[in-house]
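The values are calculated or read from the model by the stated rules, or taken from the named source; none is laboratory data. In this text the structure is predicted, and so the values were computed from the model without any measurement. With ideal geometry, Cβ positions are generated from the backbone for all residues, glycine too; neighbour counts draw on all protein chains shown.
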Amino acid sequence: MNSATLVVRDVTKVFDLGAVQVHALRGVTLSIDRGEFVAVMGTSGSGKSTLMNILGCLDLPSAGAYLLEGIPVDQLGRNALATIRNEKIGFVFQGFNLLPRTTALENVELPLLYDRRHRIAAPSSAAEAALVRVGLGDRLDHLPNQLSGGQQQRVAIARALVTAPAIILADEPTGNLDSRTTLEVLAVFQQLNREGMTIVIVTHEPEVARYTSRIVELRDGLVQRDLPVPLPGDAAADLAATRQRVPA
């Protein structure tokens with residue numbers, strides 16, 4: 001049985017700007033298996049943001065095939081794409097995108113309102129379980145402005161987890177965080193990955209990518225490099241060492 005969660009075959013993306021056509025992706029082929037933790041890297045203009053939009057069902061390729069858990073995404077219409085986004089994908093962004101006057105628990109409950117696979121009788125219980133999973137079981141009733149940046153990002157991760165998606169797509173999730181808080185968030189991602197979650201993280205930072213298990217580098221709309229990380233870093237261990245050297 002094929003264990004691939006995500007398969008991209010010869011995907012191109014052309015943006016028609018009138019007199020000019022921009023070729024953002026020029027034939028990307030990529031397969032990500034269930035349970036992988038993959039970093040997608042590239043400089044500005046490499047195509048990584050365009051690829052992330054396609055993987056997240058926010059856009060469709062100009063040509064080529066994209067299968068998410070065997071579903072031919074490239075053949076879907078707008079409504080079907082929205083359903084796939086809600087049911088199969090958890091998003092984590094650089095900006096936490098939390099509602100400021102809403103508690104952590106209520107922020108995490110929000111995606112359940114759009115989950116059509118099943119109506120959860122106790123959304124608060126599901127949201128609480130997701131927050132416990134990211135280490136915030138004692139922050140359920142806190143508003144975003146009562147949380148640190150790392151805690152806010154962990155709320156965002158819990159929100160991505162609460163619908164039990166097939167994959168988490170994280171777009172520069174540590175871009176607004178300091179080095180210690182970055183390790184906190186990466187430790188959460190690594191723990192989720194050890195539990196079997198498939199994670200794709202877009203980053204321009206090699207220091208972040210080294211905590212994943214595989215790096216896919218894009219350049220000029222093509223996959224330039226696709227290699228495993230021989231010895232991924234241990235974010236939890238590095239965080240503990242940092243706390244010993246420089247107590248908070």
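Odds and ends about this structure:
- Selection status of Thr174, under 19 Å from Asp234 (Cβ atoms), of a type in the set (S, T, N, Q) and either modelled with pLDDT under 95 or over 14 Å from the mean Cα position of the chain (by Cα) (or both): yes
- Close contacts from segment 209-234, counting a first residue that is within 18 Å of Ile199 (Cα to Cα) and a second that is assigned to a loop (DSSP other than H, G, I, E, B) and of a type in the set (D, E, K, R), with Cβ to Cβ under 9 Å and a gap of 6+ residues or different chains, come to Tyr211/Asp234; Thr212/Glu36; Ser213/Glu36; Arg214/Glu36; Val229/Arg210; Leu231/Arg210; Pro232/Arg210; Gly233/Arg210.
Each row is one residue, and each column tells you yes or no for (1) buried (at least 16 other Cβ atoms within 10 Å of the Cβ); (2) touching a strand residue (DSSP E or B) at 6+ places or on another chain (Cβ under 9 Å).
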{"site": "Asn193", "(1), (2)": "yes, yes"}
{"site": "Thr203", "(1), (2)": "yes, yes"}
{"site": "Pro206", "(1), (2)": "no, yes"}
{"site": "Leu218", "(1), (2)": "yes, yes"}
{"site": "Gly221", "(1), (2)": "yes, yes"}
{"site": "Gln224", "(1), (2)": "no, yes"}
{"site": "Val229", "(1), (2)": "yes, yes"}
{"site": "Gly233", "(1), (2)": "yes, no"}
{"site": "Arg245", "(1), (2)": "no, no"}
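- The residue that is surrounded by the most Cβ atoms within 10 Å (Cβ to Cβ), among those in segment 101-135 that are modelled with pLDDT of 70 or more and of a type in the set (Lys, Arg), is Arg133.
- Ile167 vs. criteria surrounded by fewer than 24 Cβ atoms within 10 Å (Cβ to Cβ), at pLDDT 95 or above and of a type outside the set (D, E, K, R): yes
- The number of residues in segment 1-60 that are on the phi > 0 side of the Ramachandran plot and in contact with a helix residue (DSSP H, G or I) (Cβ under 8 Å, 6 or more places away or on another chain) comes to 3.
- Restricting attention to segment 14-43, the residues that are more than 21 Å from Arg210 (Cβ to Cβ) and in contact (Cβ under 8 Å) with a residue 12 or more places away in the chain add up to 10.
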